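Data block below; observations after.
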Amino acid sequence: MPDTAPLPAVLVTGGGTRIGAEIVKRFAAAGWHVVIHYKSSDTEARALAQTLPSAEIIACDLADDIAARNMIADLAARLPDWRCLVNSASIFEYDDATNLLPAANREAMQVNALSPAVMAQAFMASARSAHVRSVIHITDMKLENPNPDFFSYTMSKHALAATIPMLAQAAPEDARIYGIAPGAILASHDQSEEETEVSHRLNLLQRKTGADEIAEAALFLASGTLKSGSTLFIDSGQHLLSQDRDVIYLAREKAAGQ
């Protein structure tokens, strides 16, 4: 009896919760082996893995870029068909353009930009597959629709986005580098459910963009058929607007004025 070919593998950072978990579930449904990275969401990552046909979990603190690089090297040594890395993990702490918090900034730049760039480089250098390999960075629609809120977070996402065209130019022939820029997808920071419903419709189409749409876009990009260096905005047109504050506060101000 011939050997069964290994499943294509994907590593999703921050894959135990929120958008990362949706991406994990979509790849699993498409027949991939998923590696669910987490830092502190051990319970959620384990519970999710147990619901999937082929999954494993791996812990790593992305504030340590050496540990992040080593995680990639370890996986590359044992995954025979590792086709995709999705950098979804992110630090999201409030500061603004009038009061940058240095500690928050350093952590955001480390976790949201430096470690994903290091992991992308290590993946492209060492992951094995006979197929096209793809790195997908989750950025933010704030790249095109900036506001002064969440200053360090936004700064770090700009830094991450800047790596996409540079990595694409340096990538080997069988590797692609992409970005997905979501809009408001899930409740964030200190939002109430009611505020979330309002804020997530502050876009051109006045509709909620689903986490499943981000997951579907990630699976599409993993095919490697789009030009390397491209970024998809999945935000119902939010990046085409000009909003002077984060939608969390626009919705809150709107509610207060009613």
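The values are calculated or read from the model by the stated rules, or taken from the named source; none is laboratory data. Predicted model, so just to flag it, every value in this text is computed and none were measured. Neighbour counts run over all protein chains shown; Cβ positions are idealised from the backbone, glycine included. The protein model used for the area step is the full one, side chains on, heavy atoms only, and it has no ligands, DNA or RNA in it. Shrake-Rupley method; radii C 1.70, N 1.55, O 1.52, S 1.80 Å.
Structure above, values below:
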{"read-out": "Residue 28 being free of Cβ contacts under 8 Å to residues at least 40 places away in the same chain, out of contact with any helix residue (DSSP H, G or I) (no Cβ under 6 Å at 6 or more places or on another chain), open to solvent by less than 20 Å² (accessible area, probe 1.4 Å) and not basic (Lys, Arg)", "value": "yes"}
{"read-out": "Selection within segment 220-248 - buried (at least 19 other Cβ atoms within 10 Å of the Cβ) and assigned to a helix (DSSP H, G or I)", "value": "221, 238, 239, 247, 248"}
{"read-out": "When residues of segment 174-197 are limited to those that are over 30 Å from residue 84 (Cα atoms) and surrounded by fewer than 17 Cβ atoms within 10 Å (Cβ to Cβ), the one modelled with the lowest pLDDT", "value": "190"}
{"read-out": "Residue among 168, 161, 130, 125 that alone is part of a loop (DSSP other than H, G, I, E, B) and open to solvent by 20 Å² or more (accessible area, probe 1.4 Å)", "value": "130"}
{"read-out": "Enumeration of residues in segment 231-244 that are under 24 Å from residue 29 (Cβ atoms) and among the polar types (S, T, N, Q)", "value": "236"}
{"read-out": "Residue check for residue 86: crowded, with 23+ Cβ neighbours inside 10 Å, in a strand (DSSP E or B) and in contact (Cβ under 8 Å) with a residue 40 or more places away in the chain", "value": "yes"}
{"read-out": "Selection from segment 31-63 of residues that are surrounded by fewer than 19 Cβ atoms within 10 Å (Cβ to Cβ), assigned to a loop (DSSP other than H, G, I, E, B) and free of Cβ contacts under 8 Å to residues at least 40 places away in the same chain", "value": "31, 40, 51, 52, 53, 61"}
{"read-out": "Restricting segment 204-219 to residues that are among the aliphatic types (A, V, I, L, M) and either crowded, with 19+ Cβ neighbours inside 10 Å or out of contact with any Leu (no Cβ under 9 Å at 6 or more places or on another chain) (or both), the residue that is farthest from residue 134 (Cα to Cα)", "value": "205"}
{"read-out": "Conditions (1) surrounded by 17 or more Cβ atoms within 10 Å (Cβ to Cβ); (2) touching a residue at least 60 places away in the same chain (Cβ under 8 Å); number of the one not met by residue 108", "value": "(2)"}
{"read-out": "Residue satisfying all of: in segment 128-169; of a type in the set (A, V, I, L, M, F, W, C) and without any contact (Cβ under 8 Å) to a residue 12 or more places away in the chain; nearest to residue 80 (Cα to Cα) among these", "value": "166"}
{"read-out": "So residue 67, is it open to solvent by less than 60 Å² (accessible area, probe 1.4 Å), modelled with pLDDT of 95 or more, in contact with a Leu (Cβ under 6 Å, 6 or more places away or on another chain) and assigned to a helix (DSSP H, G or I)", "value": "no"}
{"read-out": "Filter result (touching a strand residue (DSSP E or B) at 6+ places or on another chain (Cβ under 8 Å) and among the β-branched types (Val, Ile, Thr)) within segment 154-196", "value": "163, 164, 177, 180"}
{"read-out": "Subset of segment 175-234 [under 21 Å from residue 162 (Cα atoms) and of a type in the set (D, E, K, R)]", "value": "176, 227"}
{"read-out": "Filter pass, residue 113 being over 23 Å from residue 170 (Cβ atoms), in a helix (DSSP H, G or I), open to solvent by less than 20 Å² (accessible area, probe 1.4 Å) and not β-branched (Val, Ile, Thr)", "value": "no"}
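Residue-wise test of (1) under 19 Å from the mean Cα position of the chain (by Cα); (2) polar (S, T, N, Q); (3) within 30 Å of residue 106 (Cα to Cα).
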position	(1), (2), (3)
32	yes, no, no
35	yes, no, yes
39	yes, no, yes
44	yes, no, yes
50	no, yes, no
60	yes, no, yes
63	yes, no, yes
68	yes, no, yes
71	yes, no, yes
